[in-house]
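Comments concern the structure below.
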Amino acid sequence: MNIIQSIVYGIVQGITEFLPISSTAHLTLIPWFFDWKDPGIVFDIALHIGTALAVILFFIKDWVVLIRAGFTRPKSDNGKLFWFFMIATIPGGLAGLFLDKYMEKIRNPLLIGIVLIVFGVVLYLADKIGKNKIELKNIGLKKSLVIGFSQALAIVPGISRSGITMSTGRFLGIARESIAKFTFLLSGPIILAAALFHIKDLNSVNIDKIPFIIAILTSAIVGALSIKFLLSYLKKWGFGLFAIYRFVLGTLIIILYFLRLHFLK
């Protein structure tokens, strides 16, 4: 892994982790598109550390308020919201812990292309059908659990953690900005836990420190900018642009997949 590649991966991770377009899909497709060697678990850890830092530091004031309220005033709006986040994190965490190793085997470009299109349609319909009537503080336990269970589906390449949770939230009538912020706050513990879970694997590999550090910093900086962009964008616009992007990218992937099959015969 050279420095240019680590920057490319960092930029892609920072953008796609928080926009509803699937980071797993893009990171799987990069070596497929450019014929690069798979960066492996080391860079996966670096990229997740970077985006975990981005979402935690971006919302650090919110987390301080939520954690304090969760333990000192658990019946307040912020106190309840903190525990809703903790409970909603469980389904996604368990899915990642027990099922992620099986998902590695189905990271096929054709499947990714199809899933990008299908869940792009889901995102579009959810945004069109959903009403902007529920704000962040009024999401409640039941809706938090539904969103948490939907997050577990994100282990399938192409679905997108942010995409499926935002789609679910919109189907439930949660306002765009509110479900985006809920998604970002919910993603923090999951992303951090994924990075920490795999850190033990660093003992068995040699780490090229400079690209490793660059990948962390790049994904953190770009991730923070992506969060800021989406929260600002959703004040005026919906998720249609991201649904179109998913459809176009998925279609291109499917075409390229069959072209490669034809010319490699």
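Within the option set Phe43, Phe58, Phe84, being under 18 Å from Ala195 (Cβ atoms), at pLDDT 90 or above and surrounded by 16 or more Cβ atoms within 10 Å (Cβ to Cβ) holds for one residue only, Phe58. Checking Gly158, Gly163 one by one, the residue that is part of a helix (DSSP H, G or I), at pLDDT 90 or above and not polar (S, T, N, Q) is Gly163 and no other. Test Ile134 against the stated conditions and say whether it is under 25 Å from Ser178 (Cα atoms) and surrounded by 15 or more Cβ atoms within 10 Å (Cβ to Cβ). It is true that Ile134 is under 25 Å from Ser178 (Cα atoms) and surrounded by 15 or more Cβ atoms within 10 Å (Cβ to Cβ).
Among residues of the range 21-33 that are part of a helix (DSSP H, G or I), those with a beta-carbon under 8 Å from a residue that is surrounded by fewer than 23 Cβ atoms within 10 Å (Cβ to Cβ) and among the aromatic types (Phe, Trp, Tyr) at least six positions away or on a different chain give the pairs Ile30/Trp36.
Considering only the range 166-181, state which residues are in a loop (DSSP other than H, G, I, E, B) and polar (S, T, N, Q). Can you show your working first?
Filtering the range 166-181 down to residues in a loop (DSSP other than H, G, I, E, B) leaves 172-173, 175.
Passing the criteria: none in range.
Of the residues that make up the range 118-132, is at least one at negative phi, touching a strand residue (DSSP E or B) at 6+ places or on another chain (Cβ under 9 Å) and at pLDDT 90 or above? Yes; the residues of the range 118-132 include at least one that is at negative phi, touching a strand residue (DSSP E or B) at 6+ places or on another chain (Cβ under 9 Å) and at pLDDT 90 or above.
Taking the numbered list (1) surrounded by 13 or more Cβ atoms within 10 Å (Cβ to Cβ); (2) of a type in the set (Lys, Arg); (3) without any contact (Cβ under 8 Å) to a residue 24 or more places away in the chain in turn, Arg246 passes all entries but (3). Count of the range 1-20 residues, restricted to those that are closer than 25 Å to Gly240 by Cβ and not in a helix (DSSP H, G or I), is 4. Residues being buried (at least 20 other Cβ atoms within 10 Å of the Cβ), farther than 20 Å from Phe197 by Cα and either polar (S, T, N, Q) or touching a Cys at 6+ places or on another chain (Cβ under 6 Å) (or both): count how many of those fall in the range 1-27. Going through the range 1-27 one residue at a time, the tally reaches 3.
Looking at the range 8-37 only, could you name the residues that are more than 26 Å from Val118 (Cα to Cα) and at pLDDT below 90? Result: Asp35, Trp36, Lys37.
Is it the case that Ser226 is of a type in the set (S, T, N, Q), loosely packed, with under 13 Cβ neighbours inside 10 Å and at negative phi?
Values: of a type in the set (S, T, N, Q): yes; loosely packed, with under 13 Cβ neighbours inside 10 Å: no; at negative phi: yes.
Spelling it out, it is not the case that Ser226 is of a type in the set (S, T, N, Q), loosely packed, with under 13 Cβ neighbours inside 10 Å and at negative phi.
Scanning the range 190-220 for residues that are more than 13 Å from Ala46 (Cα to Cα) and either at pLDDT 90 or above or under 12 Å from the mean Cα position of the chain (by Cα) (or both) turns up just one, Ile190.
The values are calculated or read from the model by the stated rules, or taken from the named source; none is laboratory data. These numbers come from a predicted model, not from an experiment. Glycine also receives a Cβ, built like all others from the backbone with ideal geometry; neighbour counts cover every protein chain displayed.
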